[in-house]
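Here the structure comes first, spelled out in structure tokens, and everything after it is commentary.
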Amino acid sequence: MRKEECFYLGKIAKKFSFKGEVLAYLDTDEPELYENLESVFVECNKHLVPFFIETSSLHKNDFLRIRFEDVNTEEDADALIGNGIYLPLSMLPKLSGNKFYFHEVIGFEIEDQRLGVFGKIAAVNDSTAQPLFEVLNGEVEMLIPMIDHFLVKIDRENKKVIMNLPEGLIEMYL
């Protein structure tokens with residue numbers, strides 16, 4: 001399985017017991033959706049390796065306590081600490097309306113209600129306090145704040161994000 005075909009679920013944070021159990025931090029608002037997984041992909045040396053789950057249970061809200069098959073000692077568990085956990089994109093719950101996954105809108109046109117289409121979404125930068133659409137208009141890169149108040153519609157059928165942006169924001173780049 002390639003990383004591009006998967007989504008990041010979280011990472012293995014620490015050992016839980018001397019029998020190889022681990023606690024995985026889940027980077028999700030709904031950890032209960034992932035409580036009864038049969039398997040996950042664990043990133044080992046930049047490759048995704050399937051790991052089968054014997055048992056798992058939620059632990060303190062954002063953590064999943066996992067016992068993997070063939071991970072039976074503290075040493076086995078130590079080797080997994082800090083590694084990312086991934087699942088196939090097909091396992092993401094479907095979103096509707098104006099809710100969307102960041103990867104879903106990459107390549108969508110972005111349109112302002114006043115000015116029309118002004119570029120394509122090349123990426124989403126979520127490393128800042130406010131996530132930003134990185135939009136390309138020819139050679140010009142624009143950073144558009146992803147604010148619910150500005151978002152009018154996610155048009156999945158026509159691959160467009162329609163926004164009502166403050167006057168001057170787009171003009172500042174062009």
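The values are calculated or read from the model by the stated rules, or taken from the named source; none is laboratory data. In this text, all values refer to a predicted model and were calculated from it rather than measured experimentally. Glycine gets a Cβ as well: all are built from the backbone with ideal geometry, and neighbour counts include every protein chain shown. Surface accessibility is based on the protein's heavy atoms, side chains included, excluding ligands, DNA and RNA. Shrake-Rupley method; radii C 1.70, N 1.55, O 1.52, S 1.80 Å.
Give the range 29-76 a look and list any residue that's assigned to a loop (DSSP other than H, G, I, E, B), closer than 16 Å to residue 11 by Cβ and in contact with a strand residue (DSSP E or B) (Cβ under 7 Å, 6 or more places away or on another chain), or say none.
Those that are assigned to a loop (DSSP other than H, G, I, E, B), closer than 16 Å to residue 11 by Cβ and in contact with a strand residue (DSSP E or B) (Cβ under 7 Å, 6 or more places away or on another chain): 37, 62.
If we scan the range 114-122, do we find a residue that is modelled with pLDDT of 95 or more, under 30 Å from residue 44 (Cα atoms) and in a strand (DSSP E or B)?
Within the range 114-122, one or more residues are modelled with pLDDT of 95 or more, under 30 Å from residue 44 (Cα atoms) and in a strand (DSSP E or B).
Filter the range 95-105 down to residues that are in contact (Cβ under 8 Å) with a residue 40 or more places away in the chain and more than 12 Å from residue 161 (Cα to Cα) and give me whichever is most open to solvent (accessible area, probe 1.4 Å).
103
Among the aliphatic types (A, V, I, L, M), over 18 Å from the mean Cα position of the chain (by Cα) and open to solvent by less than 30 Å² (accessible area, probe 1.4 Å): which single residue out of 85, 110 fits that description? Reasoning before the result, please.
Numbers: 85 fails: over 18 Å from the mean Cα position of the chain (by Cα).
Among 85, 110, only 110 is among the aliphatic types (A, V, I, L, M), over 18 Å from the mean Cα position of the chain (by Cα) and open to solvent by less than 30 Å² (accessible area, probe 1.4 Å).
Going through the range 118-131 one residue at a time, which ones are exposed (fewer than 13 other Cβ atoms within 10 Å of the Cβ) and in contact (Cβ under 8 Å) with a residue 12 or more places away in the chain?
Taking the range 118-131 as the starting set, the residues that turn out to be exposed (fewer than 13 other Cβ atoms within 10 Å of the Cβ) are 126-130.
Within the range 118-131, 126, 130 meet the criteria.
In this structure, is residue 139 modelled with pLDDT under 95 and not assigned by the TED database to the domain that holds residue 13?
Numbers: modelled with pLDDT under 95: yes; not assigned by the TED database to the domain that holds residue 13: yes.
Yes.
For (1) within 30 Å of residue 156 (Cβ to Cβ); (2) out of contact with any Gly (no Cβ under 7 Å at 6 or more places or on another chain); (3) at pLDDT 95 or above, each residue gets a yes or a no:
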residue: 24; (1), (2), (3): no, no, yes
residue: 29; (1), (2), (3): yes, yes, no
residue: 34; (1), (2), (3): yes, yes, no
residue: 43; (1), (2), (3): yes, no, yes
residue: 59; (1), (2), (3): no, yes, no
residue: 66; (1), (2), (3): no, yes, yes
residue: 75; (1), (2), (3): no, yes, no
residue: 95; (1), (2), (3): yes, yes, no
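Anything in the range 141-155 that is under 17 Å from residue 124 (Cβ atoms), open to solvent by 70 Å² or more (accessible area, probe 1.4 Å) and in a loop (DSSP other than H, G, I, E, B)? List them, or say none.
Listed by number, the list holds a single entry, 148.
Of the residues 92, 58, 80, which is crowded, with 18+ Cβ neighbours inside 10 Å and touching a residue at least 12 places away in the same chain (Cβ under 8 Å)?
One residue alone meets the criteria, 80.
Based on what the data block shows, is residue 87 touching a residue at least 24 places away in the same chain (Cβ under 8 Å) and either assigned to a loop (DSSP other than H, G, I, E, B) or among the acidic types (Asp, Glu) (or both)?
So residue 87 fails the test.
Checking residue 18 against (1) in a loop (DSSP other than H, G, I, E, B); (2) within 22 Å of the chain's Cα centre (by Cα); (3) more than 30 Å from residue 150 (Cβ to Cβ), which test does it fail?
(2)
Quick one: is residue 104 under 13 Å from the mean Cα position of the chain (by Cα) and among the acidic types (Asp, Glu)?
Considered against the rule, which asks whether it is under 13 Å from the mean Cα position of the chain (by Cα) and among the acidic types (Asp, Glu), residue 104 comes out as yes.
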